[in-house]
Amino acid sequence: MPELQLLRADHAPSVLAFELANRAYFALSISDRGDDYFDKFAAHYDALLAEQEAGICAFYVLVDEDGSVLGRFNLFDMVEGGAADLGYRVAQQVAGRGVATATVEELCRLAVERHGLRTLRAATSHANIASQKVLSKAGFSPVGPAGPADLGGKHGTWYERDL
């Protein structure tokens, strides 16, 4: 059974493999990370771990029994006792199977228990119907427009959930 784990240094090879294997799939609904991200992956990864260590963000990976990464679920810009932004992506091989919804629900519990958060919000583009469904099923409600600066050049909607 897949397990949601806090991001660690030893996850790096699996995270990179996940991002590369799903790059074209992700680009269908969200902005591509660009070649620079992959060329400088180690530096980007180290920066994530530093942000996590500083308590600004919490990065999670959904790890399959074989050690491969099936998804990434992140809490950004955390305010202790307050709010954070949620971001996530799942591998094409598990898309449409309820994995994202179940893991977002689990992360909502962890946001309260581990991080003391009370509210999560997430933005999704108008074209990303799957993500809109995940958020709705996980108890998020639309709260307003998300602009191109929020979504890598796309327009969409902010969703929010009180925890």
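The values are calculated or read from the model by the stated rules, or taken from the named source; none is laboratory data. If you're wondering where the values come from, they're calculated on a predicted model, not measured in any experiment. A quick note on method: Cβ atoms are made from the backbone with ideal geometry, for glycine too, and the neighbour counts reach across all protein chains shown.
Residue-wise test of (1) among the polar types (S, T, N, Q); (2) out of contact with any helix residue (DSSP H, G or I) (no Cβ under 8 Å at 6 or more places or on another chain); (3) under 19 Å from F18 (Cβ atoms).
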position	(1), (2), (3)
Q52	yes, yes, yes
V63	no, no, yes
L70	no, no, yes
M78	no, yes, no
G82	no, yes, no
G96	no, no, yes
A100	no, no, yes
C108	no, yes, no
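Looking at G55, G82, just one residue is over 16 Å from the mean Cα position of the chain (by Cα) and either under 18 Å from Y159 (Cα atoms) or at pLDDT 95 or above (or both), and that residue is G82. Listed conditions (1) touching a strand residue (DSSP E or B) at 6+ places or on another chain (Cβ under 7 Å); (2) surrounded by fewer than 18 Cβ atoms within 10 Å (Cβ to Cβ); (3) of a type in the set (D, E, K, R); (4) within 20 Å of H11 (Cβ to Cβ) are all met by R89, apart from (2). Looking only at segment 130-163, residues that are in a loop (DSSP other than H, G, I, E, B) and either within 26 Å of D32 (Cβ to Cβ) or of a type in the set (K, R) (or both) come to 11 in all. Screening V63 with (1) β-branched (V, I, T); (2) at pLDDT below 95; (3) farther than 23 Å from L151 by Cα gives one miss only, at (2). If I go through segment 62-75 residue by residue, how many of them are out of contact with any Ser or Thr (no Cβ under 8 Å at 6 or more places or on another chain) and crowded, with 16+ Cβ neighbours inside 10 Å? Number of matching residues: 5. Take E105 and decide whether it is closer than 22 Å to E160 by Cα, charged (D, E, K, R) and either in contact with a strand residue (DSSP E or B) (Cβ under 8 Å, 6 or more places away or on another chain) or in a loop (DSSP other than H, G, I, E, B) (or both). Spelling it out, it is not the case that E105 is closer than 22 Å to E160 by Cα, charged (D, E, K, R) and either in contact with a strand residue (DSSP E or B) (Cβ under 8 Å, 6 or more places away or on another chain) or in a loop (DSSP other than H, G, I, E, B) (or both).
Screening the candidates F38, F18 for the property of being under 16 Å from the mean Cα position of the chain (by Cα) and either of a type in the set (A, V, I, L, M, F, W, C) or farther than 26 Å from D66 by Cα (or both) yields one hit, F18.
Residue count for segment 108-129 under the criterion of being surrounded by 15 or more Cβ atoms within 10 Å (Cβ to Cβ), among the aliphatic types (A, V, I, L, M) and in a helix (DSSP H, G or I): the result is 2.
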